[in-house]
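The values are calculated or read from the model by the stated rules, or taken from the named source; none is laboratory data. Note that the structure is predicted; figures quoted are calculated from it, not measured. Positions of Cβ are backbone-derived with ideal geometry, glycine not excepted, and every protein chain shown enters the neighbour counts. Accessible surface is based on the protein model in full, side chains and every heavy atom, while ligands, DNA and RNA are left aside. Shrake-Rupley method; radii C 1.70, N 1.55, O 1.52, S 1.80 Å.
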4 protein chains.
Amino acid sequence: MKNTFGTSVAVTLFGESHGPEIGAVIDGLAPGLPVDEGFIAAQLTLRRPAGRIATARQETDAFRIVSGVFEGRTTGSALTVLIPNADTRSGDYTRGPARPGHADYAAFAKYHGYEDYRGGGHFSGRITAALVAAAAVVIPALQAKGILIGTHVARCAGTDDAPFSKNLAADLEKLNSLSFAVLDESKGALMREAIEIAASKGDSVGGILETAVLGLPAGIGEPWFDTVESVLSHTLFSVPAVKGVEFGSGFALADMTGSQANDPFRMRNGSAYTTTNHNGGVNGGITNGMPLIFRCAVKPTPSIALEQQTVNPLTGEETTLAVKGRHDPAIVHRARVVVDSVTALALCDLLALRFGTDWLASPEA
Amino acid sequence: MKNTFGTSVAVTLFGESHGPEIGAVIDGLAPGLPVDEGFIAAQLTLRRPAGRIATARQETDAFRIVSGVFEGRTTGSALTVLIPNADTRSGDYTRGPARPGHADYAAFAKYHGYEDYRGGGHFSGRITAALVAAAAVVIPALQAKGILIGTHVARCAGTDDAPFSKNLAADLEKLNSLSFAVLDESKGALMREAIEIAASKGDSVGGILETAVLGLPAGIGEPWFDTVESVLSHTLFSVPAVKGVEFGSGFALADMTGSQANDPFRMRNGSAYTTTNHNGGVNGGITNGMPLIFRCAVKPTPSIALEQQTVNPLTGEETTLAVKGRHDPAIVHRARVVVDSVTALALCDLLALRFGTDWLASPEA
Amino acid sequence: MKNTFGTSVAVTLFGESHGPEIGAVIDGLAPGLPVDEGFIAAQLTLRRPAGRIATARQETDAFRIVSGVFEGRTTGSALTVLIPNADTRSGDYTRGPARPGHADYAAFAKYHGYEDYRGGGHFSGRITAALVAAAAVVIPALQAKGILIGTHVARCAGTDDAPFSKNLAADLEKLNSLSFAVLDESKGALMREAIEIAASKGDSVGGILETAVLGLPAGIGEPWFDTVESVLSHTLFSVPAVKGVEFGSGFALADMTGSQANDPFRMRNGSAYTTTNHNGGVNGGITNGMPLIFRCAVKPTPSIALEQQTVNPLTGEETTLAVKGRHDPAIVHRARVVVDSVTALALCDLLALRFGTDWLASPEA
Amino acid sequence: MKNTFGTSVAVTLFGESHGPEIGAVIDGLAPGLPVDEGFIAAQLTLRRPAGRIATARQETDAFRIVSGVFEGRTTGSALTVLIPNADTRSGDYTRGPARPGHADYAAFAKYHGYEDYRGGGHFSGRITAALVAAAAVVIPALQAKGILIGTHVARCAGTDDAPFSKNLAADLEKLNSLSFAVLDESKGALMREAIEIAASKGDSVGGILETAVLGLPAGIGEPWFDTVESVLSHTLFSVPAVKGVEFGSGFALADMTGSQANDPFRMRNGSAYTTTNHNGGVNGGITNGMPLIFRCAVKPTPSIALEQQTVNPLTGEETTLAVKGRHDPAIVHRARVVVDSVTALALCDLLALRFGTDWLASPEA
């Protein structure tokens, strides 16, 4: 379905990096959800580049909601959020050589040169701002249901953050208050330093994001093809730069034995839990009530100032390219709120499919 | 959409491990594709357990096609393949404690105890036989279009297989002729030995599958939400035991710089290629004409004979369990043909969406 | 989505008139619904041709359910029903001239001659048997929720049946017990007589089916594109021979004024109702709590013994054709249970989307 | 899928009658289609109320395209068109009694009072402006492929227009140049007179729209569930006030015999045609190459100045209502361009599914 994702709660995304406006439509929302424009703005701020470790492009992200909200609450009709592109310097971009690691060449092959090539066009990470704004409508509603999402930069430029602690709720609350989301701020300082060094060399770095979701009921997900892992990975791999997704212990499970990897069940206060969580809260594609845990590999930003070999898709000539314009030496820390956002949207869809349209707005937690 | 996957070419899957029949419906196939029942049987044989490193359950997989084929070719209508479950010893299974690492507990939470619990029911790997049979209809058609898919056991029980060689076409051809698909058979011998040792201990092992797809045209995939990576990961995470998916260099990209990770473009005989393939043939979610490369983490089989702690979901009692019945000490080598199958089906869908219904049966390569 | 219909509860249909088996998969059913095989058989009997006003082809419709049911109840997994084609005399059919009014020519244009042409192949009304069987799983569940569906032959061969009475529940109950569903049996006798006369002339007749659904809650349907009218008409126009669908007063509304057509609201026992029902229980595409009323135009069976002008799609030659084989001089009375069936399936989908997966099996009415 | 319709080419619609903006997203368009903003404006003018037979609400429909177009052509990415609501006098609307014949009561039941009730909110015919603008992007592209769509007011307030002539192409060309689309302008004058009389009485009238589509290739449509009739009726019943849809001779087929209703095939210049077109260009749900013909029943505008009985959904009180504000005494003539628009969009989807993404922009007719 291309630019639309979801069955019961569906998101449609549109816009280009240097077009007049980007936006998203969320359809299928429960009627009556309070819409907190301050929270939307705050989430957009988390995504927005800031400081020396980010592009100098400055967007105010002055979003507006043009449908689906009435007197401060969702109506149940399609909600549309629009964000103008303010600071576009399209003069920086002309059709030229394909930037290595970017969509330029693949987009040319797909759209025969009709694509809006400026700044990556529809493939630009800029478009994720609309996703973040849309998701910011549902994240507080999920929280009101006891479902808490948070992500940290688990690794960046060779430095590992501290792992999640036993008090996952506190971890997530802390992460959601930070602009550079790490559990151990000393590790965060090292990461930022490494990003600045890469920037000074005209290069970039990547990293790993680790996400936890607390409070998901057991029994969410649809076999065969709409497992929680399938639906989440589908949306996560739509986030630019994500090249790997693993749940629970993920690739490390390949080296375990069954007796190590199986999470034993025990009872506590009348409900089942597992004493380990190598399966990341998912068995057979269905949530088991444990925290949902997954990790995304984020590749280094492909736009770098260093000279690279490439070709011009229009002329077929070999050439070299040093990407100009304003770019991020790392996006892993900014991608974190995008990952939270697509996670929230995908979970809303699965929950609405399971419990019906109105559930998200229903009073009981 | 639960048991249906795909937009233009869609697959619907049904059946339970110990029900009378399992099956799949493929809808949207080009009319006129030759259907090779011998190849279907051969693919089912690759999936079927065999020898000491597999469950003793023996299924003949006597499939039959009951719709969508006429005079040896696809009609363009929905094609249905049915496979009876012959060797079901349901007496081995009674509703009991949840098997750790299996869907039992999550399924109970989802279906309130109405699920067919025998042998994992609808969650059983058994159901993949129908997927394999369905995909075996399209794999030869893709090959006729020059699109070749192959997978090797890249790692199992701590042993790495050799990497893909420069002659990828030869590698894939070789792999597709092997029942235990490794590039270096000496490594395969080590893996099988480790599997046997695990089996002798009542335990199991996991591994990593690496897949390559040759011959995909550039420009396949749909931003934002139906990128090649999104669509493939969606189906791959539906395969039981897959807990991680990465494209190209995947998680290793997190530790690279942009100058290392970006694949430089060059021209050869009038068409562009990249001198490295860290992005696995995908830029911006769209194929770039290079081989599509991805890896799946396969967890160790959860059914093990060793005693494990668990609970009974019906009664809420804590208990222990040593799984009886016939089980595989590893499934990574059997899962390989399932991965090839869902890859073929997902690519058919994206190709049909791009080039139309009839393309797959059109004569030109 | 071709052979699949529905979002939350989806049906996939497959098979050909002279293939080995036809069938349907219903996916997304609530777990725990009792499955009454006697009722399924009874519904199939209503669809089956009988007596002098029907084809001589005799199918026992010995259906079997091969997935999704365990210990007499739905599991929540995909339910598959299969029906073998027993009495196929394919010798009666060879590729020949296109039968006027049938899909033969259009199918040839679509499938380039690869279609199974025998008896209409996948386009045959025979396939509706699988739909009827599938729907027979959910009709009792809808009834348990107070939702009652019934259809009468409102007009056939120039004779009108009596209109629905004030006691709609009694009307529907009566209709569901009849094989030739009319409210006034004397009118039914006239209709059957006219059908026999048409048959004796080698010709056929059409008619109009009128359906009522009682007990639907207000608020069902999704603007813009999945209104109750949109979703129902989508499925109704899939029923072979249906060429018109109207809701409430339908085409007659075109000649009314607003003051005549608007249904005034009044209160009774604390809930709203309308004193007329020209809108057929639907306002703005959403149910308003009044009975849902619609009518389907069913064209005369195209297979007739009279000689007709036609062409051979393979050779492009003009020719004449008198259709041989065993055919119905009317199908309107048989189509009635098919209309009930697709109505039940479409409503299940809209209700599940609104109230969640489990609603249909929940105890409260 | 609620506010999204289509598989390969999908439209998402949003907005409310008195919200800041309405809009539509078309996704899946071929790249390279020229976008003619003048034609979009002209189509919007056809939909816009004008003269004494229309509401006094005046919208300039100053649309803007904010994504998916670059240098005057479609990019292949999601195209978004936005239309501000300029002349909203929300003071005319307060939550009050449900307007009979409108969605007010059903919407209240569905959205629990959170809906934007002003002017019908998301249910308002106003929203169709966005559909018309979106479709105006593809209508010229269809024409370039030889596919011509046109609709006339076949009946209004008891007056029939002339039927389509033998020169259907000329008829359609003429209709597309008229603001009140009739083939016989003297009949149009009678209709307008009747509309004015109804208006003077504070009442409204309905009518029938008849549409023809020329140039559709044979073989379009997908059995079972996505027949041309299914897909078109799905979208047509989404148009406010449409209460009936019939193809070809439609309900009149119910009174024909098979020998009358079957359209005989003949050959002309090497291709097949039918000598009559009672089936409206569709056999078995698939186009047969003849003109596609269908009719929509449009009910009288429900907003009338005459006093009507109704209830207040909020309080449950019985009351009376004379609808104030600015309303149309008929919308059938304005709905005509909406019918053309949804027809164009639905056909684009079916054609793209059949022939691939790029077909609509390919040079050959």
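Observations on the model:
- Residues in region A:264-282 that are out of contact with any strand residue (DSSP E or B) (no Cβ under 9 Å at 6 or more places or on another chain) and on the phi < 0 side of the Ramachandran plot: A:Arg268, A:Ser271, A:Thr276.
- Check on D:Gly244, within 7 Å of chain C (Cβ to nearest Cβ), on the phi > 0 side of the Ramachandran plot and of a type outside the set (D, E, K, R): no
- Beta carbons closer than 7 Å, at least 6 apart along the sequence or on distinct chains, pair a first residue in region C:222-247 that is more than 25 Å from D:Gly125 (Cβ to Cβ) with a second that is modelled with pLDDT of 95 or more and assigned to a strand (DSSP E or B) for C:Thr235/C:Phe5; C:Ala241/C:Val298; C:Val242/C:Cys296; C:Val242/C:Ala297; C:Val242/C:Val298; C:Lys243/C:Ala297; C:Lys243/D:Glu246; C:Lys243/D:Phe247.
- Taken over region A:343-365, the residue count meeting the criterion of being at the interface with chain C (Cβ under 8 Å from one of its Cβ atoms) and within 19 Å of the chain's Cα centre (by Cα) is 0.
- Matching entry among C:Ala169, C:Ala130, C:Ala135 (being out of contact with any Ser or Thr (no Cβ under 6 Å at 6 or more places or on another chain), open to solvent by less than 10 Å² (accessible area, probe 1.4 Å) and part of a helix (DSSP H, G or I)): C:Ala130
- So B:Lys174, is it within 14 Å of another protein chain (Cβ to nearest Cβ) and more than 19 Å from B:Val298 (Cα to Cα): no
- Members of region A:286-312 that are in contact with a Pro (Cβ under 8 Å, 6 or more places away or on another chain), open to solvent by 10 Å² or more (accessible area, probe 1.4 Å) and not polar (S, T, N, Q): A:Gly289, A:Pro302
- Condition met for D:Thr315 (surrounded by fewer than 24 Cβ atoms within 10 Å (Cβ to Cβ), modelled with pLDDT under 95 and over 22 Å from the mean Cα position of the chain (by Cα)): yes
- 2 or more residues open to solvent by 10 Å² or more (accessible area, probe 1.4 Å) and of a type outside the set (Asp, Glu): qualifying helices (runs of 4 or more DSSP H) within region B:181-274: B:185-200, B:258-261
- Condition met for A:Ala62 (of a type outside the set (D, E, K, R), over 26 Å from D:Gly28 (Cβ atoms), surrounded by fewer than 24 Cβ atoms within 10 Å (Cβ to Cβ) and in contact with a Pro (Cβ under 7 Å, 6 or more places away or on another chain)): yes
- Considering region C:284-363, the qualifying strands (runs of 3 or more DSSP E), each wholly inside and each with 1 or more residues that are hydrophobic (A, V, I, L, M, F, W, C), in contact with a strand residue (DSSP E or B) (Cβ under 6 Å, 6 or more places away or on another chain) and more than 24 Å from C:Ile208 (Cα to Cα), run over C:308-311, C:318-321.
- The listed residues are C:Gly19, C:Gly38, and the only one of them that is of a type in the set (Gly, Ala, Ser), farther than 29 Å from C:Asp226 by Cβ and open to solvent by 40 Å² or more (accessible area, probe 1.4 Å) turns out to be C:Gly38.
- Residue in region A:187-241 that is nearest to A:Asn283 (Cα to Cα), counting only those that are of a type in the set (Asp, Glu) and away from chain B (no Cβ under 11 Å): A:Glu210
- Only a single item in (1) facing chain D (nearest Cβ under 8 Å); (2) buried (at least 24 other Cβ atoms within 10 Å of the Cβ); (3) hydrophobic (A, V, I, L, M, F, W, C) is not met by C:Val339, and it is number (1).
- Yes/no for A:Asn277 being touching a residue at least 24 places away in the same chain (Cβ under 8 Å), more than 7 Å from chain B (Cβ to nearest Cβ) and surrounded by fewer than 24 Cβ atoms within 10 Å (Cβ to Cβ): yes
- The sole residue among C:Leu44, C:Leu13, C:Leu29 that is more than 14 Å from every other protein chain (Cβ to nearest Cβ), crowded, with 19+ Cβ neighbours inside 10 Å and either within 21 Å of D:Phe225 (Cα to Cα) or free of Cβ contacts under 8 Å to residues at least 60 places away in the same chain (or both) is C:Leu44.
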